[in-house]
Amino acid sequence: MHATLPLLEFSDFPAIKRKVLETLQVNLGYKCNQTCVHCHVNAGPTRTEEMDRETMHIVLRFLEASSVGMLDITGGAPELNQNFRELVQGARVLGVHVIDRCNLTILEEPGEESLAEFLAANRVEITASLPCYTEELVDRQRGKGAYELSIRALRRLNTLGYGMDGSGLDLNLVYNPQGPTLPPSQEKLQADYRSELGDRFGIRFNRLYTLTNMPIARFGSMLISKGQFNAYMRLLQESFREENLDAVMCRSLISVDWQGYVYDCDFNQMLELRVNHGLPPTIWEFDLHRLLERQIVFGSHCYGCTAGAGSSCGGAVVTQEKVTSTHA
């Protein structure tokens, strides 16, 4: 796989500092039951990295000692970590809101038959990747049969109350472009998803998030192989909007990898760009107060979060209508 960090490390991206830390995003490991083309983690069935129980307990102690109210659990398929359920239950006991970044097909894996019920019982918000609403495009990006399994999982979640008005069980879907383009309007695409999935399968969900593909790891390597890397970087840089800087996720989130090392975001984690400026690098010796005083580590990949309508863990940061009016 082609390394992208040498192409991204030196950048004229504007320096920004943190706001109040609201979210602790924890990557439980890179093992996944899928191998997706757009994956910035380079996750897959053969990856063996996994957060151990001791590190997971340190994460819980950090949550207890801090005022962070949200735990965002990701992977790989985070549910494949043998300590996943203990982490979820420990965080919920502390009153922390938990998000599971789920690929949907994991709910249909042998041995995971009770996973959906577990998530519902613990009031876990599910943010589920579904890169398109058509079978052809989902299977092209995620492998044959992925679409059918995803639809089956979504219908099962609906029967448990996920995505239903008044249930308190939020079900969000995530869209990624198929190639080196910016996502379309999140508002319009959400309406299309609702229409297609609702009319065909009776599926309901709360929100759709559109995410920009990052030029790192597997996706970045593919761009290099196809000679598209420089053109994609130009697209991101030319689509930069300064007002998006106020809402980028690195201002209110830190990312912790499976070994306990701390990063400004999940993308920096994949590039091994750890927090710096003298801060302790691990979650068990972390200084939260000093974190707020330092500059965020950035590179050219950060243009991916500020291009067009912006991109964050919660999807676009502004409406497409605002982007259009700005450029009118």
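The values are calculated or read from the model by the stated rules, or taken from the named source; none is laboratory data. Owing to the predicted nature of the structure, the values given are computational and were not obtained by experimental measurement. All Cβ positions, even for glycine, are placed from backbone atoms using ideal geometry, and neighbour counts span all protein chains on display. The protein model used for the area step is the full one, side chains on, heavy atoms only, and it has no ligands, DNA or RNA in it. Shrake-Rupley method; radii C 1.70, N 1.55, O 1.52, S 1.80 Å.
Just want the answer: with Cβ charges of +1 for Lys and Arg and -1 for Asp and Glu, which residue in F267, Q190, G168 is farthest toward the dipole's positive end in the chain?
Q190
What relative contact order, as a whole-number percentage, does the chain give when Cα pairs under 8 Å and 6 or more residues apart are counted?
Numbers: 654 pairs, mean separation 78.1, N = 328.
Computed value for the chain: 24 percent relative contact order.
State the answer as a single residue: which of L87, F205, N122 lies farthest towards the positive end of the charge dipole of the chain, with beta carbon charges of +1 for Lys and Arg and -1 for Asp and Glu, about the Cα centre.
About the Cα centre, the residue reaching furthest to the positive side is F205.
Might you report the magnitude of the Cβ-based charge dipole of region 87-210 about its Cα centre, with Lys and Arg at +1 and Asp and Glu at -1, to the nearest 20 debye? Display every interim value, and only then the final one.
Numbers: 14 positive and 17 negative charges, 37 e Å.
Roughly 180 debye, rounded to the nearest 20.
Excluding E148 itself, calculate the net charge of residues whose Cβ lies under 10 Å from the Cβ of E148, where each Lys or Arg counts +1 and each Asp or Glu counts -1.
Details: positive: K144, R152; negative: E108, E135, D139.
Counting the neighbours of E148, the net charge comes to -1.
Give me the net charge of L182's neighbourhood, meaning all other residues with Cβ under 13 Å from the Cβ of L182; Lys, Arg count +1, Asp, Glu -1.
Working: positive: R234, R241; negative: E238.
Spelling it out: positives minus negatives among the neighbours equals +1.
Looking at the chain, how many pairs of lysines come closer than 27 Å at the Cα, when each pair is eight or more places apart or spans two chains? Before the final figure, lay out each step's value.
On the way: K17/K322; K19/K322; K31/K144; K31/K226; K144/K226; K188/K322.
Step by step, the pairs that qualify in the chain add up to 6.
Using the Cα centre as the reference, give the magnitude of the dipole from point charges on the C-beta atoms of region 1-103 (Lys, Arg: +1; Asp, Glu: -1; all else neutral), rounded to the nearest 20 debye. Don't skip to the end; give the middle numbers.
Working: 10 positive and 12 negative charges, 35 e Å.
Using Cβ point charges on Lys, Arg, Asp and Glu, region 1-103 gives about 160 debye.
With a ≥ b ≥ c taken as the square roots of the eigenvalues of the C-alpha gyration tensor of region 133-248, please select rounded if a/c is under 1.5 and otherwise prolate if a/b is larger than b/c or oblate if it is not?
Working: a/c = 2.64, a/b = 1.58, b/c = 1.67.
Because a/c hits 1.5 or more and a/b fails to exceed b/c, region 133-248 counts as oblate.
Around F201, under 13 Å between beta carbons, what's the net of Lys plus Arg minus Asp minus Glu among the other residues?
Working: positive: R152, R155, R156, R194, R200, R204; negative: E135, E148, E196, D199.
So the surrounding residues net to +2.
Rounded to the nearest 20 Debye, what is the dipole magnitude of the chain about its Cα centre when Lys and Arg each give +1 and Asp and Glu each give -1 at the C-beta? Before the final figure, lay out each step's value.
Numbers: 31 positive and 40 negative charges, 70 e Å.
The dipole of the chain has a size of about 340 debye.
Just the number please: accessible area per residue for the chain, 1.4 Å probe, all protein chains included, in Å².
Values: 13900 Å² over 328 residues.
Heavy-atom SASA per residue in the chain reads 42 Å².
Calculate what fraction, in whole %, of the accessible area of the chain sits on carbon and sulfur atoms when a 1.4 Å probe is rolled over the protein chains.
Details: 6850 of 13900 Å².
C and S fraction of accessible area: 49 percent.
Just round it to a whole percent: the fraction of Cα-Cα distances in region 14-133 exceeding 24 Å. Before the final figure, lay out the partial values.
Values: 1991 of 7140 pairs.
It works out to 28 percent of all Cα pairs.
Using every alpha carbon pair in the chain, what percent of pairs falls into each 20 Å bin from 0 up to the bin containing the largest distance?
Going from the shortest bin to the longest, the percentages are 32, 62, 6.
Nearest 5 percent is fine: what portion of the DSSP beta bridges confined to the chain is antiparallel? Walk me through the intermediate numbers first.
Values: 8 of 34 bridges.
Of the beta bridges lying entirely in the chain, close to 25 percent run antiparallel.
Take the eigenvalues of the Cα gyration tensor for region 162-212, scale each by 5, and report the square roots as semi-axes in whole Å, largest first. Please report the intermediate quantities before stating the final value.
On the way: eigenvalues 96, 31, 13 Å².
Those come to 22, 13, 8 Å.
Starting from the exponent 0.38 and prefactor 2.2 Å, build the expected Rg for region 7-71 from its residue count and divide its actual Cα Rg by it.
On the way: Rg = 16.1 Å, N = 65, 2.2 N^0.38 = 10.7 Å.
Here the answer is 1.50, to two decimals.
Using only the alpha carbons, work out the radius of gyration and Dmax of region 204-304 in angstrom.
In Å, with Rg to one decimal and Dmax whole: 15.5, 47.
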